[in-house]
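Colleague: Sharing a structure here in structure tokens format.
The values are calculated or read from the model by the stated rules, or taken from the named source; none is laboratory data. Being a predicted model, the structure only gives us computed values, none of them experimental. Here the Cβ positions follow ideal geometry from the backbone for every residue, glycine too, while neighbour counts run over all protein chains shown. In case anyone asks, the SASA skips ligands and DNA or RNA and just uses the protein heavy atoms, side chains included. Shrake-Rupley method; radii C 1.70, N 1.55, O 1.52, S 1.80 Å.
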Amino acid sequence: QVQLVESGGGLVQAGGSLRLSCAASGRTFSSYLMGWFRQAPGKEREFVAAISRSGVDTHYAASVKGRFTISRDNAKNTMYLQMNSLKPEDTAVYYCAAQSYSGSYYSMGAYRYWGQGTQVTVSS
């Protein structure tokens, strides 16, 4: 089992940047495929980005590709999401998630463990 805690959310103006962190505890962090999802008010939770166990393979939603960068530091048991050129439509609660199997990067159902979320608000 792994416990996940997100941090780094906040209020930022459009065009600004934020870096989210997801700290993991419990079983070996490097054994988990990791992902970021987000949920805006009144909308379903959606995939944002995912990263392989080694960090070599990354995947992004079309809406964030080129603006967001996912990374991980297995020595620090931490995953990151660098968010640049933020837009008001990026406003959401951001969740990190972990899966111990090699399921879909993009599907919520493939992830067994979730953090509590961190709020990101982008003002226009």
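Colleague: How much accessible area per residue does segment 40-124 have, counting only protein heavy atoms and a probe of 1.4 Å, in square angstrom?
Modeller: Here the residues of segment 40-124 average 52 Å² of exposed surface.
Colleague: If contacts are Cα pairs under 8 angstrom and at least 6 residues apart, what is the relative contact order of the chain in percent?
Modeller: 35
Colleague: Go through 15, 123, 2 and say which Cα lies farthest out towards the positive end of the charge dipole of the chain; charges sit on Cβ, +1 for Lys and Arg, -1 for Asp and Glu.
Modeller: 2
Colleague: So how do 76, 87 rank on accessible area, 1.4 Å probe, biggest first, that is with the largest at the start?
Modeller: 76, 87
Colleague: List the residues of segment 6-50 whose backbone N lies under 12 Å from a point placed 7 Å from the Cα of residue 87 along the Cα-to-Cβ direction.
Modeller: 15
Colleague: Once you place label points 7 Å from the Cα toward the Cβ at residue 43 and residue 76, how far apart are they in nm?
Modeller: 2.9
Colleague: Determine by what factor the alpha-carbon radius of gyration of the chain differs from 2.2 N^0.38 Å, reporting the quotient.
Modeller: 0.97
Colleague: Quick one: if you stick a label point 7 Å off each Cα along the C-beta vector at residue 30 and residue 112, how many nm between them?
Modeller: 2.0
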